[in-house]
């Protein structure tokens, strides 16, 4: 089943203080099926992260469509109402960034448990599951009750991953999730992604070292400096 | 798991709908054709500089003022029609029972020389609670939910720190489990450490009780951590609205861009 169908997607940034617009990408076309893993390739600054953020609607696209398919019909994420996007993000579309956005004074295990709590799972069970995932990603037990704002970059990233991957979503957007991870955590991440893929989760990812996930990749897209795109079968 | 549920393509109806609000004070236009919607369980942030009309809009939501024109509806039982048509008594009942508000200045929301528990009890009295034991018990629940130290519940707000005063206001505001919680610069003027604690309390309340909130703030950081959606106001108009991360990462309007670029 098709999960995502991107048609002619284009994005520019209107910079009012410069009186000009910056071109990010245009004419992006691809489709993604359930359980498929799509790799975005290209040099720094070519718009890979921008494309991921546009798919998540952190950036507003100017042209094209992002059709998100469900059994009930399809919805254009490029134009859907904000509340619909918020609802989809809570239940179906996940985004893993390179950076942790932590609220101050919230313990690591509470940050990880939050998606479960929002899904209505009781506190004790949510915390127990959160601890399992923190352990899986190699966060030391004595940090579970601590505030991640003071953690090192690598430890923050582990908390971030545990939180982002604790609930299986239908579509997962991965923005360099392996950056700043040690080997153990990287292996745990790849195991989790393989597991999610087997459960039918569709994924689009940007990776510094795609070798880590080579066995998961079904297809890739090369983004190039000006105009884009072809959809290459691997 | 429930993550595999089909999405609701039909949006749930808004809890709050305001349409076409205009308000002039003499020659000053405070609100110029403002419309807003707030959906059940979400946090709407309203940002703008002083004089943008954001606090006026919040006061309209609390029925403290009537616009020159405009319509205000809450999707609650027994509340048909434009709420601005309600008389003073009906407004007072509605605000006491269904809407909670926390002001930037605790003097505005609290009786400073009554006890903290008495301030909370006042709300319960309006709703018809008469038993002293029940007033104490329900006041205690509300203060505890606001993370107010219960051994100070008989202290007067005037004896408390700013962060504690905000917690008393919050307890008063949520004592009757309102459908809508309004917050006007709730952390402005507090130390950053106290601000973090108050925001954490709000976030917990929102998660555990699914209270719908509207937060007015000029602090982009507060809204970035708290709000699902953001409305940007300037000169009494809404210049931009969207998902919080989109408004902050990809602001469309020139004014919003200048705000985001000015953030430390």
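Within region B:164-194, the set of residues being in a helix (DSSP H, G or I) and either away from every other protein chain (no Cβ under 13 Å) or within 23 Å of residue B:62 (Cβ to Cβ) (or both) comprises B:164, B:165, B:166, B:167, B:168, B:169, B:170, B:171, B:172, B:173, B:174. Quick one: would you say residue B:199 is modelled with pLDDT under 90, under 19 Å from the mean Cα position of the chain (by Cα), in a helix (DSSP H, G or I) and at the interface with chain A (Cβ under 10 Å from one of its Cβ atoms)? Yes, satisfied. Taken over region B:105-127, the criterion of being crowded, with 18+ Cβ neighbours inside 10 Å and in a loop (DSSP other than H, G, I, E, B) is satisfied by B:110, B:115.
With respect to being out of contact with any strand residue (DSSP E or B) (no Cβ under 8 Å at 6 or more places or on another chain) and at pLDDT 95 or above, residue B:85 fits the description. Restricting A:72, A:92, A:63 to those that are at pLDDT below 90 and over 25 Å from residue B:221 (Cα atoms) reduces the list to A:72.
Starting from residues that are out of contact with any helix residue (DSSP H, G or I) (no Cβ under 7 Å at 6 or more places or on another chain) and within 15 Å of residue B:232 (Cβ to Cβ), keep the ones in region B:37-54 and report whichever is modelled with the highest pLDDT. Here the answer is B:44.
Would it be correct to say that residue B:260 is away from chain A (no Cβ under 13 Å) and in contact (Cβ under 8 Å) with a residue 40 or more places away in the chain? Taking the combined requirement at face value, the residue does not satisfy it.
Of all residues in region A:2-24, those satisfying the criterion of being more than 14 Å from chain B (Cβ to nearest Cβ) and crowded, with 19+ Cβ neighbours inside 10 Å are A:6, A:9.
Scan region B:36-48 and give yes if some residue there is under 14 Å from the mean Cα position of the chain (by Cα), free of Cβ contacts under 8 Å to residues at least 24 places away in the same chain and outside any loop (DSSP other than H, G, I, E, B), otherwise no. For region B:36-48, residues under 14 Å from the mean Cα position of the chain (by Cα), free of Cβ contacts under 8 Å to residues at least 24 places away in the same chain and outside any loop (DSSP other than H, G, I, E, B): present.
The residue pairs whose first member lies in region A:213-234 and is modelled with pLDDT under 65, whose second member is in a loop (DSSP other than H, G, I, E, B), and whose beta carbons are closer than 9 Å, counting only pairs six or more residues apart or on different chains, are A:228/A:42; A:228/A:46; A:228/A:47; A:229/A:223; A:233/A:218; A:234/A:217; A:234/A:218. From the list B:243, B:223, the one residue that fits, being crowded, with 22+ Cβ neighbours inside 10 Å, touching a helix residue (DSSP H, G or I) at 6+ places or on another chain (Cβ under 9 Å) and facing chain A (nearest Cβ under 9 Å), is B:243.
Taking region A:169-189 as the range and being touching a residue at least 60 places away in the same chain (Cβ under 8 Å), more than 14 Å from chain B (Cβ to nearest Cβ) and under 18 Å from residue A:39 (Cα atoms) as the test, the residues that pass are A:174, A:176, A:177, A:179. Scanning region A:117-131 for residues that are part of a helix (DSSP H, G or I) and within 15 Å of residue A:168 (Cα to Cα) yields a total of 5. Scanning region A:39-63 for residues being within 18 Å of residue A:14 (Cβ to Cβ) and either within 11 Å of chain B (Cβ to nearest Cβ) or surrounded by fewer than 20 Cβ atoms within 10 Å (Cβ to Cβ) (or both) gives a total of 10.
Within region B:52-64, at least one residue is over 25 Å from residue B:243 (Cα atoms) and surrounded by fewer than 18 Cβ atoms within 10 Å (Cβ to Cβ). Just one of the listed residues (B:214, B:232, B:238) is away from every other protein chain (no Cβ under 11 Å), within 30 Å of residue B:113 (Cα to Cα) and touching a strand residue (DSSP E or B) at 6+ places or on another chain (Cβ under 6 Å), namely B:214. When residue B:86 is tested against the conditions (1) closer than 22 Å to residue B:217 by Cβ; (2) surrounded by 15 or more Cβ atoms within 10 Å (Cβ to Cβ), the lone failure is (1). Scanning region B:246-257 for residues that are buried (at least 22 other Cβ atoms within 10 Å of the Cβ) and either in contact (Cβ under 8 Å) with a residue 60 or more places away in the chain or in a loop (DSSP other than H, G, I, E, B) (or both) turns up B:250, B:251. Checking each residue in region A:64-103 for being in a loop (DSSP other than H, G, I, E, B), out of contact with any helix residue (DSSP H, G or I) (no Cβ under 7 Å at 6 or more places or on another chain) and within 7 Å of chain B (Cβ to nearest Cβ) picks out A:71, A:72, A:81.
Condition check ((1) surrounded by fewer than 18 Cβ atoms within 10 Å (Cβ to Cβ); (2) under 15 Å from the mean Cα position of the chain (by Cα); (3) on the phi < 0 side of the Ramachandran plot) across all residues:
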site: A:112; (1), (2), (3): no, no, yes
site: A:115; (1), (2), (3): no, yes, yes
site: A:126; (1), (2), (3): no, no, yes
site: A:164; (1), (2), (3): no, yes, yes
site: A:183; (1), (2), (3): yes, no, yes
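The values are calculated or read from the model by the stated rules, or taken from the named source; none is laboratory data. Keep in mind it's a predicted model, so treat the numbers as computed, not measured. Quick reminder, even Gly has a Cβ in these numbers, built from the backbone with ideal geometry, and neighbours come from all protein chains shown.
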